[in-house]
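Here's the structure, in structure tokens; my notes come after.
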Amino acid sequence: MKLAGKRKEPDPLNPKVLLWADVSYSNMEEIENTKDIPELERTLCCVLGVNIPEPRRGVLLELYVHTVLFCRESNFNREQTSVLLSIVKSMHQANTETPLNNMGHCYAYCSELLLCHSVRRPPFSISLFSSEEVTQILKYLLNTYFRHYNLYKYIFTPQVRLDLSFSYSGMPDEDPVTEPDAVSSDGYCKENKPETAEGEQPIEAMNTGPEVANTDPSPKSELRTIIQQEMREEMIHMSRQLEQRLKESADRLNSALTSLETNLQGKK
């Protein structure tokens, strides 16, 4: 059995000082002079290099715009706003570099980035945010970005599909037995009807009535029929398991977010 495709593992996350890394002092002057949301979107699009197609472009610009509005409501200065925009950008890149679930790594990365800008220990960190401001920022990110973490993951990462193919000794190389079913990342099976040679009867999908017996008595045809039946049952079983795991993962995510919000409120 061969597993087609390649999963991209997340790269190591190395927190560092991000002052003026993405938004320079002159860029901050331009951002501060914007008064309305459309103008702010155009400015952030140029400053942060948002050159992606819709709808991802609109979603990402909305994330940056609300970050700037939060900084204004919190009375952050230019340095703090520049750093927070870079932290949000870095956190989003860490989330979307892989379709795998890495929310724990992203949250730890975000916390370490904030730590790099709240403790004076040059050249590794600078004192830019107070402990109260760090708590305020974490609460904001929990209620916005991490609350919709899976939606960002869905929009900005490619869909994962499982493609299975089989080869057996003694079978012709030019006609391998290939399983037509595939399981997408949302846990549902998608069936493609196999191509049939002249004189062969197609194998009907499940739950569509009794199966039609194959009139070709060749061992290859019988083997194909057995494999397709077994793999179809196994794929349905796998999809049910995946649905259950996705439900459990969502429950754990909601529980973790609730616990973090409770801890942040307790620190006030």
Report summary line: Listed by range, helices (runs of 4 or more DSSP H) wholly within the range 25-75 having at least 2 residues that are in contact with a Lys or Arg (Cβ under 8 Å, 6 or more places away or on another chain) are 25-32
Query raised in the report: Hey, any hits in the range 148-169 for a residue that's at pLDDT below 95, under 21 Å from Cys71 (Cβ atoms), in a helix (DSSP H, G or I) and out of contact with any helix residue (DSSP H, G or I) (no Cβ under 8 Å at 6 or more places or on another chain)?
Result: yes
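State whether the residues of the range 79-94 include one that is of a type outside the set (Lys, Arg), touching a Lys or Arg at 6+ places or on another chain (Cβ under 6 Å), assigned by the TED database to the domain that holds Asn33 and touching a residue at least 24 places away in the same chain (Cβ under 8 Å).
Here is the first cut: in the range 79-94, the residues of a type outside the set (Lys, Arg) are 79-88, 90-94.
Next, from what is left, pick out any that are touching a Lys or Arg at 6+ places or on another chain (Cβ under 6 Å): none.
No, the conditions are met nowhere in the range 79-94.
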**Report entry** Scope the range 117-139; condition within 29 Å of the chain's Cα centre (by Cα) and either open to solvent by 40 Å² or more (accessible area, probe 1.4 Å) or of a type in the set (D, E, K, R) (or both); matching residues
**Finding:** Glu133, Gln136, Lys139
Requested in this report: State the number of residues belonging to the range 49-95 that are β-branched (Val, Ile, Thr), under 17 Å from the mean Cα position of the chain (by Cα) and surrounded by fewer than 20 Cβ atoms within 10 Å (Cβ to Cβ).
Outcome: 2
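Are any residues in the range 96-110 assigned to a helix (DSSP H, G or I) and open to solvent by less than 40 Å² (accessible area, probe 1.4 Å), and if so, which ones?
Within the range 96-110, Thr96, Met103, Cys106, Tyr109, Cys110 meet the criteria.
Results for (1) out of contact with any Lys or Arg (no Cβ under 9 Å at 6 or more places or on another chain); (2) modelled with pLDDT of 80 or more; (3) part of a helix (DSSP H, G or I), shown as yes or no for each residue.
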position	(1), (2), (3)
Asp173	yes, no, no
Lys193	yes, no, no
Gly199	yes, no, no
Ala205	no, no, no
Val212	yes, no, no
Asp216	yes, no, no
Ser221	yes, yes, yes
Met238	yes, yes, yes
Ser259	yes, no, yes
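Can you confirm whether Lys2 is in contact with a strand residue (DSSP E or B) (Cβ under 7 Å, 6 or more places away or on another chain), within 30 Å of Ile227 (Cβ to Cβ) and modelled with pLDDT under 95? Steps first, answer last, please.
Numbers: in contact with a strand residue (DSSP E or B) (Cβ under 7 Å, 6 or more places away or on another chain): yes; within 30 Å of Ile227 (Cβ to Cβ): yes; modelled with pLDDT under 95: yes.
Taking the combined requirement at face value, the residue satisfies it.
The values are calculated or read from the model by the stated rules, or taken from the named source; none is laboratory data. Everything quoted here is computed from the prediction, not taken from an experiment. Note that we place each Cβ from the backbone using ideal geometry, even for glycine, and neighbour counts take in every protein chain shown. Keep in mind that these areas ignore ligands, DNA and RNA; they rest on the heavy atoms of the full protein, side chains included. Shrake-Rupley method; radii C 1.70, N 1.55, O 1.52, S 1.80 Å.
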